[in-house]
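Report on one structure; see the data block that follows.
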């Protein structure tokens, strides 16, 4: 259902774009036809702002169609409406020029005056600032910015309403051509001043919201916001004469139409090319040239004041030489500042690596360090992968564009890969970025080793807790199933003996004898449980002596002879390895005693880098077998310490083998 609603909404939005664009096209045809029919001069057409409103209207309209068609961003419809407003004013102005030439009735001209004055003020004073406030994501920067939207709407409406209610005509000095809604409104001076301050202040606040978005936004938001900046720089470049002298070609002001075009591109195709590179180079050369011109003017003026005589003709020459000498260092200074603003600290890899590396010395994780690296180098995103390709940490956005990889090497080999999302327009990682990232690759590799060790410690702790819990369950089961029933029986028999002690002394004696037998059996069970927890033999002489005692206590009537092979001197074993080795060998001997029909059994222990254990006998292996609880217990005991175990038939009979690390580390 949601998919259907979205499809209906998309169709309605696109139908709106088509209708408004068609209306705009009709208005453009009206402007052209009316201007040609009026016979007005080109100067009159320009001075009446017909050309200005027409060009701005077409620009707004054309810029509003793509966002409205391809996205649900409300900036698109706002630009469409602003374009229609300007085109409506342009069409009304052109019709008025025709009416003045054809001597139309004053009433018609007054109606046209109303249409000329009102719509364009709504377009440039209300709809366009509101679109800027919602740019680039179509939402306000935050709930607290609603007041600014209200102020923008209020100021825009006030400008349009006061315009149509006031006295004056846009194309004639004749008072009869005032707006049809004019009531001769004349606002007091302080009201006009206050309205102007509010309008200017609200526009400055809108620009401030864009600056705030840039500072707080991600890489894509910053990239989108740079497109209008590029348009403004181009407008300044085209109108540099007007900026410097206060005068210049009027038609160059039409370059303002580049701003809505840049907004549309930023919303629909912000990755069209590397906008950061364009702006950085424009700022670099623009500021460098501006600095050179300013330095030249200052030096010439200063030399003219210091040497007002005929020698002052050398002032421009001296100033030119001084500027030529200062250009290279000035250019380097400006380039460093511009690169720092757009590409972070990549021009100084050592300083960038030091800035990023400070995060390793604090209680920060790898994700925080990656975020610091993205911020320091102004990169869209970084992704840290392990050798298997699993994501360990991420910062920013990686994916959907070209990437580069840096391998993280350590003494143990490749520990992972650092995937770098390239900036829009880049096809390969810049060499300065690579040098900086390679400098922090080693600390990142060390951090990966630390993460791996931390994970091993966590797993070891979990295994220790699980082993302890398993021992508790085993002990509880032994006490509940073995000692518990015996003590219960003893209690009942003791009560029975007390009841018949006077009347049936012989029965009481029998009960006491049974109690004694049960208590002795319970003591044997307790000794067995204690022996299973910590074999007493290991505490008397270590693993070698415990195995000798175990072989010496082999039942004489078992039918199998046991041979023990030990090295002359075993290395010092940790209690965990010693206990696991003893349990594995005794469990294997118990299996031989229970299941083997062989005549010979050999127990061998070796210590060549690892502790090797084996128990083999010459009994006939069964035709089919599956590992039981005992064999699974052997494997679990070995794997808990980082070793391994196996059991099964071999050519000479049956073999149980295992190996344990001599130093298993934390466990």
- Task: Could you please give the count of residues in region 642-664 that are buried (at least 21 other Cβ atoms within 10 Å of the Cβ) and part of a loop (DSSP other than H, G, I, E, B)?
- Result: 1
- Pick from region 554-578, criterion assigned to a helix (DSSP H, G or I) and at pLDDT 85 or above, ranking: surrounded by the fewest Cβ atoms within 10 Å (Cβ to Cβ): 578
- Task: Considering only residues that are more than 19 Å from residue 218 (Cα to Cα) and assigned to a helix (DSSP H, G or I), look in region 357-373 and name the one that is modelled with the highest pLDDT.
- Result: 366
- Message: List pairs: first residue in region 515-528 and over 15 Å from residue 492 (Cβ atoms) and not assigned by TED's automatic domain parsing to the domain that holds residue 485, second residue surrounded by 12 or more Cβ atoms within 10 Å (Cβ to Cβ) and modelled with pLDDT of 80 or more anywhere in the structure, Cβ distance under 6 angstrom, at least six positions apart or on different chains.
- Response: none
- Item | Qualifying residue in region 134-146 (condition: over 30 Å from residue 33 (Cα atoms), touching a helix residue (DSSP H, G or I) at 6+ places or on another chain (Cβ under 8 Å) and in a helix (DSSP H, G or I)) | yes
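If we keep just the residues of region 579-601 that are under 26 Å from residue 642 (Cβ atoms) and more than 53 Å from the chain's Cα centre (by Cα), which is surrounded by the most Cβ atoms within 10 Å (Cβ to Cβ)?
Of the residues in region 579-601, the ones under 26 Å from residue 642 (Cβ atoms) are 579-591.
If we keep only those that are more than 53 Å from the chain's Cα centre (by Cα) too, we end up with 585-591.
On the way: 585: 25, 586: 18, 587: 16, 588: 27, 589: 22, 590: 11, 591: 19.
My answer is 588.
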- Take region 409-430 and flag every residue that is surrounded by fewer than 20 Cβ atoms within 10 Å (Cβ to Cβ), modelled with pLDDT under 80 and not in a loop (DSSP other than H, G, I, E, B). 409, 410, 413, 414
- Note on the structure: Scanning region 637-656 residue by residue, the ones that are farther than 19 Å from residue 597 by Cα and either touching a helix residue (DSSP H, G or I) at 6+ places or on another chain (Cβ under 9 Å) or modelled with pLDDT of 85 or more (or both) total 8
- Is it the case that some residue within region 186-200 is part of a helix (DSSP H, G or I) and either crowded, with 20+ Cβ neighbours inside 10 Å or at pLDDT below 80 (or both)? no
- The one condition in (1) modelled with pLDDT of 75 or more; (2) in a helix (DSSP H, G or I) that residue 395 fails to fulfil: (2)
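The values are calculated or read from the model by the stated rules, or taken from the named source; none is laboratory data. Treat the numbers as computed from the prediction; the structure is a model and nothing was measured. Every residue, glycine among them, receives a Cβ derived from its backbone with ideal geometry; neighbour counts consider all protein chains shown.
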